[in-house]
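The values are calculated or read from the model by the stated rules, or taken from the named source; none is laboratory data. Computed from a predicted structure; not experimentally measured. Because the Cβ atoms are built from the backbone with ideal geometry, glycine has one as well, and the counts that use them run over all protein chains shown. When the accessible area is computed, the model is the full protein with side chains, heavy atoms only, and any ligands, DNA or RNA have been set aside. Shrake-Rupley method; radii C 1.70, N 1.55, O 1.52, S 1.80 Å.
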Amino acid sequence: MHGRPRKALKQEDETALSAKTQKLRSLQTQFLANHHNRIYSKEALDVSAKLLEVNPECYTAWNYRKLAVQHLLTNSDSDPHSIFQGELKLVEIALRKNFKSYGAWHHRKWVLSMGHSSIDNEMRLLNGFQKADPRNFHAWNYRRFVTELMKRSDEDELKYTEEVIGANFSNYSAWHNRSVLLSNLLKRKAEGYFPKEKFLEEEFEHVHNAIFTDPDDQSGWFYHLWLIDQTVKTDAPLLVSSWPSHGSSITLIGDNSLQGCHLSLLNGTLSDTATLPVILNFNQAVEGINSSTVSIKSELLDEELIWKPLSMSNSNTAKVWVVYLNLGNMELQSSKTYTVDISIGHSEGIVSSNENHYGDPSQISFKVFVQTASIKHSEGQGGKRTTWKDTNFRKIDHFQESDPILSAVQNHHIPTTSDWHTEEIGEEITKFRDLLSEYDCKIGKLTLARLLTALDLLSSQHDGRISNTEEVLQLYADLIKLDPTHSLYYKDEHSLISIQQITSTRDSLLPYCHYYEDETETTAGYLCLRLQNLSLSRLGSIENLLWVQMLDLSHNELQSIEGLEAMQLLSCLNLSHNKIGSFTALGPLRLVKSLKVLNISHNELGSHSVDTTRYLCPSPLSHTEEFAWDRFEILTGSVSATKFWEAFLIFGSLALTELNIIGNAVADENFRSFLVKVLPTLKWLDDEELS
């Protein structure tokens, strides 16, 4: 069991273990020979059965049994019922050896799904295993499978979970099963369970009995978290922000052909490809964004538009979608204002991953003003080197109303929730303040922080009451000290709240906005958002940052930049002095085609012998990645390919002009030479101009 120290074995125990090991190895050798030679005789099946009785975790043996069953069924004189009954008996024997065997439970599911076996005995078997261990999540998972086959109602199963919880409320699996059942009832809008406030009040009272009886037991707390989520969240997807924002004005400054196209001052510099991105950010992942569900009308259109999901998994479902208006080949009239009208969701087809339809048709309208001028290349586009010293930045005094910063669409498209939601969360806060006044527990503080965050979310939608952000930040700061084991999680949550606080309003954002000025220039250049030295370990509130083109995140504690792919205007990015330990953690940059300047100096690239994110992110060998093997092999030459493929995957899709990798373990001469080959557009590398 977990947490139990190992004890030295006695001599007789070592002898018995050695004999058992020899027997197991002998069975494995015989079994693998039969499997390799596709032998499915009775003797071969007996060997696999003996092996599984000793070691139910041998997945290969279970898969062999499936192949053997399929082979036996091809015989005309075979008895399917007898064959499958034999499999069920073997599974039962294996489960009595280890009733938490994944392979055994999966094999039993497979047998029943073939349709030749009765399910009448399954509930009896389940009851026996669940009495032996009421919290066995394998058995609960199998129970959901069996009850679906039996067409047993969710209401009946809900009563069963209530009985189990009543006998012992310290049963996480039972609470989890209850959330699954209620989710099913909500999804089909079952009578008595829709609208959801009809039963959520009762569920809150139900879980209070467990939490307040034993605050140290975590089972009820997890279910309480699910109830908070059900109280706050909206089922249907919503548009929370866009760029350009509704009512904004974009000024394009370029030469007569508009091939070198710039945005107005507060928006930074548009990429040289003369494309204008239109970004839609939803509160949850959706699919179905296309010309039928989102229509764009403007004189700026001269070709069919194709919407693209900004997803790291190459999925057709994403929270953020983008389309590019190609202005480079158009003859735009100087000093003329063009209007762009966007209609979203007026035709059905936008659907979330949980099959909820977008039900809040939206309208976005913005203006594009064309101003002809002689273009002087700015920093980050092949001219002077970009520097991130404090002397190069000057705070701005105020924003103009027309500046597309913190777009009004963020609140415009969020429907007002009923007072019930706010009142329920408010009552929960009162109860947990009372609990913490008598009993100081870590998970109680965490729940209070979550409740206060939920209240702020609901309150921002209608009554505008005072934010609880400062108290939430203090709670997470306390938890970091009280519970060091989970400090990384608390730091992430603290970071998310901090960024939300900074980006929530124009007034809160203003102190972090600076003009970038070259020392030799007398006029201001880019607008830079400077979020350096804030101890940030995670990024959030990206929906508030779609307008940013120059971003300083240096001197933080970031290990990943998840979500940054939504910032399609981003041209200059400073990630120096963070804790980024792998190139796969920089994956979102592959989707930011506008990026010209990147500083990733003084991170941990190459410091870790094993890149654990490799198992979370696609590799070039996976079917979800397009990998240019020919180009990669030419570029790497004699260099070990395994050393650089991750870097090639990131940088090979970018057109950087400046890159700084100083202070990383990977930054040797071989890697620098590799980067120069991969990035033919590169003008500056590690603060040195390339010839």
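Could you list, in sequence order, the residues of the range 56-98 that are over 23 Å from Glu122 (Cα atoms), of a type in the set (S, T, N, Q) and part of a loop (DSSP other than H, G, I, E, B)? Within the range 56-98, Thr74, Asn75, Ser76, Ser78 qualify.
Number of residues in the range 33-55 that are of a type in the set (Lys, Arg) and assigned to a helix (DSSP H, G or I): the value is 2. On the given criteria, is Asn63 assigned by the TED database to the domain that holds Leu125, modelled with pLDDT of 95 or more and not hydrophobic (A, V, I, L, M, F, W, C)? Considered against the rule, which asks whether it is assigned by the TED database to the domain that holds Leu125, modelled with pLDDT of 95 or more and not hydrophobic (A, V, I, L, M, F, W, C), Asn63 comes out as yes.
Taken over the range 379-403, the residue count meeting the criterion of being surrounded by 23 or more Cβ atoms within 10 Å (Cβ to Cβ) and at pLDDT 60 or above is 1.
Restricting the search to strands (runs of 3 or more DSSP E) fully inside the range 264-359 and requiring at least 2 residues that are open to solvent by 20 Å² or more (accessible area, probe 1.4 Å), farther than 23 Å from Ile542 by Cβ and at pLDDT 90 or above gives 294-297, 337-344. Filtered by the rule that a residue be among the hydrophobic types (A, V, I, L, M, F, W, C), more than 13 Å from Ala566 (Cβ to Cβ) and either free of Cβ contacts under 8 Å to residues at least 60 places away in the same chain or not in a loop (DSSP other than H, G, I, E, B) (or both), the range 578-595 gives Ile580, Ala585, Leu586.
I need every pair where a residue in the range 349-368 that is outside the structural domain of Gly247 (by the TED database) has its Cβ under 6 Å from the Cβ of a residue that is loosely packed, with under 15 Cβ neighbours inside 10 Å and outside any loop (DSSP other than H, G, I, E, B), sequence separation at least 6 or different chains. That search, which allows pairs on different chains as well, returns nothing.
Inclusion of Phe129 among residues that are part of a helix (DSSP H, G or I), surrounded by 14 or more Cβ atoms within 10 Å (Cβ to Cβ) and in contact with a Phe, Trp or Tyr (Cβ under 7 Å, 6 or more places away or on another chain) is warranted. Here Asp216 fulfils each of the conditions (1) assigned to a loop (DSSP other than H, G, I, E, B); (2) open to solvent by less than 80 Å² (accessible area, probe 1.4 Å) apart from (2). Taking (1) modelled with pLDDT under 95; (2) touching a helix residue (DSSP H, G or I) at 6+ places or on another chain (Cβ under 6 Å); (3) farther than 22 Å from Asp120 by Cα; (4) in a helix (DSSP H, G or I) in turn, Phe169 satisfies each apart from (4).
Of all residue pairs spaced 6 or more apart or on separate chains, those with beta-carbon atoms under 6 Å, a first member in the range 185-208 that is charged (D, E, K, R) and a second member that is open to solvent by less than 100 Å² (accessible area, probe 1.4 Å) are Lys196/Leu186; Glu197/Trp420; Glu203/Leu227.
Of all the listed residues (Leu488, Leu455), the sole one being crowded, with 16+ Cβ neighbours inside 10 Å and either at pLDDT below 90 or assigned to a helix (DSSP H, G or I) (or both) is Leu455.
Quick test for you: out of Leu605, Leu589, Leu635, pick the one residue that is modelled with pLDDT under 85 and not β-branched (Val, Ile, Thr). Answer to the selection: Leu635. Among the residues examined, Tyr476 does not qualify as modelled with pLDDT under 95, of a type outside the set (Val, Ile, Thr) and either open to solvent by 50 Å² or more (accessible area, probe 1.4 Å) or outside the structural domain of His246 (by the TED database) (or both). Against the test of being assigned to a helix (DSSP H, G or I), among the basic types (Lys, Arg) and modelled with pLDDT of 90 or more, the options Arg144, Arg124 yield a single qualifying residue, Arg144. Scanning the range 646-691 for residues that are of a type in the set (Gly, Ala, Ser) and more than 19 Å from Val592 (Cβ to Cβ) turns up Gly663, Ala665, Ala667, Ser673, Ser691.
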